[in-house]
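The values are calculated or read from the model by the stated rules, or taken from the named source; none is laboratory data. Worth saying up front: this structure is predicted, and the values here are computed from it rather than measured. Glycine also receives a Cβ, built like all others from the backbone with ideal geometry; neighbour counts cover every protein chain displayed. For accessibility, only protein heavy atoms count, side chains too; no ligands or nucleic acids. Shrake-Rupley method; radii C 1.70, N 1.55, O 1.52, S 1.80 Å.
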Amino acid sequence: MARGRIRARIRRSHLYTFACGRPRTSEEERPHEFEGPGFSRIVHCNQPDMHTKKPLKYCSNYISTTKYNIITFLPKAIFEQFRRVANLYFLLAAVLSLTPISPFSAVSMIAPLAFVVGLSMAKEAMEDWRRFIQDMKVNLRKANVHKTDGVFNQKPWMKLRVGDVVKVEKDKFFPADLLLLSSSYEDGICYVETMNLDGETNLKVKRALETTVSLDDEESFKDFSGIIKCEDPNPSLYTFVGNFEYERQIYPLDPSQILLRDSKLRNTAYIYGVVIFTGFDSKVMQNSTKSPSKRSRIEKQMDKIIYILFTLLVFISCISSIGFIVKTKYNLPDWWYLQVPDKEGLYDPGKPWVSGFYHLITALILYGYLIPISLYVSIEVVKVLQALFINHDIHMYDHETGTPAQARTSNLNEELGQVDTILSDKTGTLTCNQMDFLKCSIAGTPYGMRASDVELAAAKQMAMEMDNQSQNGTPRSWRKSEFTESEIELETVITSKDGDVRKPAIKGILSICHTAIPELNEETGIFTYEAESPDEGSFLVAAREFGFEFCRRTQSSIVVRERYPSYDEPIEREYKLLNLLDFTSKKRMSVIVRDESGQIFLLCKGADRDAMLERVSDMMERDLILVGATAVEDKLQNGVPQCIDKLAQAGLKIWVLTGDKMETAINIGFACSLLRQGMKQICITTMNTDAIVQDPKTVKEGTGKITLAIGDGANDVGMIQEADIGVGISGCEGMQAVMASDFAIAQFRFLERLLVVHGHWCYKRIAQMICYFFYKNIAFGLTIFYFEAFAGFSGQSVYVDWYMLLFNVVLTSLPVISLGVFEQDVDSEVCLEFPSLYQQGPKNLFFDWYRIFGWMGNGLYTSVIVFFLNIIIFYDQAFRAGGQIADMTAVGTAMFTGIIWAVNCQIALTMSHFTWIQHFFIWGSIAFWYLFLLVYGELSYALNVNAFRILTEVLAPAPIYWTTTLLVTIACNLPYLAHISFQRSFNPLDHHVIQEIKYYKKDIEDRHMWRQKRRKHDIRRKSGSLPESTQRLGT
């Protein structure tokens, strides 16, 4: 519709196209009678100052979706951090480090905790800042608000108040819930798009009260006032009850006069409205619900491992405490040089049980390095970086819409690699939700006999499976070249003048019987249509192609531009719209029009066809002539069959929920590779829409497996939120599905890469990362226990405090982060060529208890080797040229060097894929250890712990130090090397075989063998060794 003032073209009419625009009956004009709770809202129109004090003070229009604010950030963020058991333990240890009980200095306990907690809080602050920026973009949008004396000024949305009169222009969002007063149309109607509220793309018509339609310019609001009494804020989008007191009259209000926040004004130059509900009182905000908190199963299992380590910690602490009690009671009195009992009473042979209790606390702090303090923050960093890789994957970028993939939460990355069942919507998810006019029947003669793309794809799929034919084996009767002639003939039939009224009548039904609004694209000169449904839009496009272009409508007429008999000189014909019977439960609509010759026609269309004629009861819909029938097609999205086929090869069960007829649903199932010949079909039909929401819950509870739900519309939100993983498609049905989702993609076909590539990688990365974390901390923490027992359970640590501070935070953190971010067992192309590799995730091959305890055992073995080899080598013998023996600091430093080498070489053996970043982090961590020793040994602080020039003068000149480091490193990693060599040789996993083939380039040298391997995987899937797909059909 042309821009600018429309009022000059549209005059008042007493015949209305839409139900909401029809004159009210006497019953409808009566004021609503309500009282009591739930109806206490009073709004003084054009008097916002009346709402600054109670009881009429309402909330502001400021919207915030943030978790924190400046005042609450510190207390709430700290509370969130210390809800984790591990952090709470380290907090208690840090507090106790200020007492004589602690075996460590306060700084060595407080600094790591402060670093880890501070980093996590910084991440929380950064994520919340992003939410704040998004909120402020909305809050700072400008609205034209009546100030005084008929003057309108711009004001930010967040400063709007209840009672303000606002002016909203075309294609702008409504800043609050408004009562419509008038519009650019003289009848006071306006067109509203509610896609952001309910996902519906069709336009809705709102109409102002007749008493306020004269408030059509800014000057008219100079002395305007009125009172609205209505319902209290509630989440119901489709109901509203209220009364409007204006000029000593009371008028009832209903939803047809209410404009909801976040809906958009369309095809209307401007409207005036008064604010009723602001901010969190608005209906859209009343409907906003917090997304459910979702945790991955790996994270839940990780908590169980933490509890196991806590149990181990308490167990060895009790052993240490018992040993200390025995030493205190029987041996301590003989050790006169210790001056017992001490002043603090920690070592008192007369009270061994009290001393044992104090030692228990000391031991709990001393062995705390069994618990990886940096585990949580490292995983958070890794998941954020993994999410960045998902967001920037060019292969999941939709060039047509400019939409990238988006990981809206990073908490569930590894869950993508363990999905068992996919529940998918059909319309808009598997299909384009864009209808194409395919064929029709006029006067009993069919035209356009081409089969639909769905039918063609289904036939190809069935032919390939039954006869093993190529895709060129399309049935001859369905080839496109055979219906061109019938389409050309259709144009002749529509313009026919042979006396059969049915043939030319089809043009009227297609171009006149609708409620669409035309919009002229000024650049192309072509009309586009805002229709109530995609079907209706496809009819108008088809009519335009046949030479009957709907170009303009008013409240009382429809104008069609006919290009017959001359295409270059079109003729505009106006049809007077006498009445319209909108779509009802009978699934049909009718219009009554008068053409330029004065003839009156009733044009009817609907889905009931012959059965409809038998049930017609309305007087105007009698003695109708069946003109014909049409067929429209909602095409499959590009790549959907290939994607579903790959997901089926990956062993995923796929359920599709659709409201189609059973025949159509089965055709679509074959077309998109969901169904195959010989597959057992289970068809479940239900009329209960709530079942869609319950599907993920039923599958989760029934199977105990991970479910993924994918959809594109507001009706899919419940399903998306209930599933373990929710994926939203940013399609044609608004952004509700995306806003409720955990991951967002632009096309269904991108789900293949999201799961088979990124899901597979993320699962293995996180699983290996967590296992390695526990391995290295057990290897390090148990050496402290061994030495404490070796030293008579004295509570003495063999390591300098600064060594222990750096172990988790610096020396071993970056290599494990690089493992979690960059590790690839196979590259993305191989993941897609061998989708059955994905089954390693659902089977949990890399994070089952067997593997977890295996890594724990590896840590136990490493701790034994590191401790006892160093003690045996350095104990009671000279290790320097001058004959000096090693003191505790020298032994502890040598032991710590062995730990650093052993765990970093271990992670190098664990990795399958190396980049320069991983090399830099692994070998750089080892180099940093020596650099630290060099600098630390020169500090005066080192004198206090007998570590002055510990590297340059004590250890480096001694060959035994370097020999011991080499021996410890080899001895620690040799069993793991033997294990993986044996496994690859005699019991290889699938990715081991593929790695060998790729490494020796056999896929290039012997392509036949490579194809044979791929067929082997495909045969395994088809023979039933991998789960087949399942279809869920709901009507």
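Which entries in K172/K507; K680/K700; K170/K222; K137/K283; K54/K222; K147/K204 show an alpha-carbon gap greater than 28 Å?
Over 28 Å apart, Cα to Cα: K172/K507; K147/K204.
Which of the three applies to region 194-274, rounded, prolate or oblate, going by the alpha-carbon gyration tensor with a ≥ b ≥ c and a/c under 1.5 meaning rounded? Before the final figure, lay out the partial values.
Working: a/c = 2.36, a/b = 1.33, b/c = 1.78.
Oblate, since a/c reaches 1.5 and b/c is not below a/b.
Using only the Cα atoms of region 744-899, build the gyration tensor, take square roots of its eigenvalues as a ≥ b ≥ c, and label the shape rounded, prolate or oblate: rounded if a/c is under 1.5, else prolate if a/b is larger than b/c, else oblate.
Numbers: a/c = 3.40, a/b = 2.94, b/c = 1.16.
Since a/c reaches 1.5 and a/b is larger than b/c, the shape of region 744-899 is classed as prolate.
Sorted from largest down, what three extents in whole angstroms do the Cα atoms of region 276-418 have along their principal axes?
Sorted from largest, the Cα extents of region 276-418 read 85, 46, 24 Å.
Compare the peptides 180-192, 149-161 by average per-residue count of other Cβ atoms within 10 angstrom and give them in order, highest first. Could you put the intermediate results ahead of the total?
Values: 180-192: 24.2, 149-161: 15.8.
Taking the mean over residues of other Cβ atoms within 10 Å, the ranking is 180-192, 149-161.
For L98, L313, give the ranking by accessible area with the largest first, probe 1.4 Å.
The residues order as L98, L313, largest area first.
Please list H913, H979, H991 in order of solvent-accessible area, largest first, computed with a 1.4 Å probe with all protein chains present.
The residues order as H979, H913, H991, largest area first.
Could you sort F277, F986 by their accessible area in this structure, using a 1.4 Å probe and putting the largest first? Before the final figure, lay out each step's value.
On the way: F277 5, F986 150 Å².
Reading off the accessible areas and sorting them downward yields F986, F277.
Using a 1.4 angstrom probe and counting only protein chains, how large is the accessible area of V993 in Å², to 10?
V993 exposes around 50 Å² with every protein chain in place.
Could the peptides 225-235, 505-515 be put in order, highest first, of the mean number of other beta-carbon atoms found within 10 Å of their residues?
The most tightly packed comes first, giving 505-515, 225-235.
When you have a sec, figure out the Kirkwood radius of region 839-902 from all distinct Cα pair distances and drop it here in Å to one decimal? If you can, show how the numbers build up before the last one.
Working: mean 1/r = 0.0705 Å⁻¹.
In region 839-902 this quantity evaluates to 14.2 Å.
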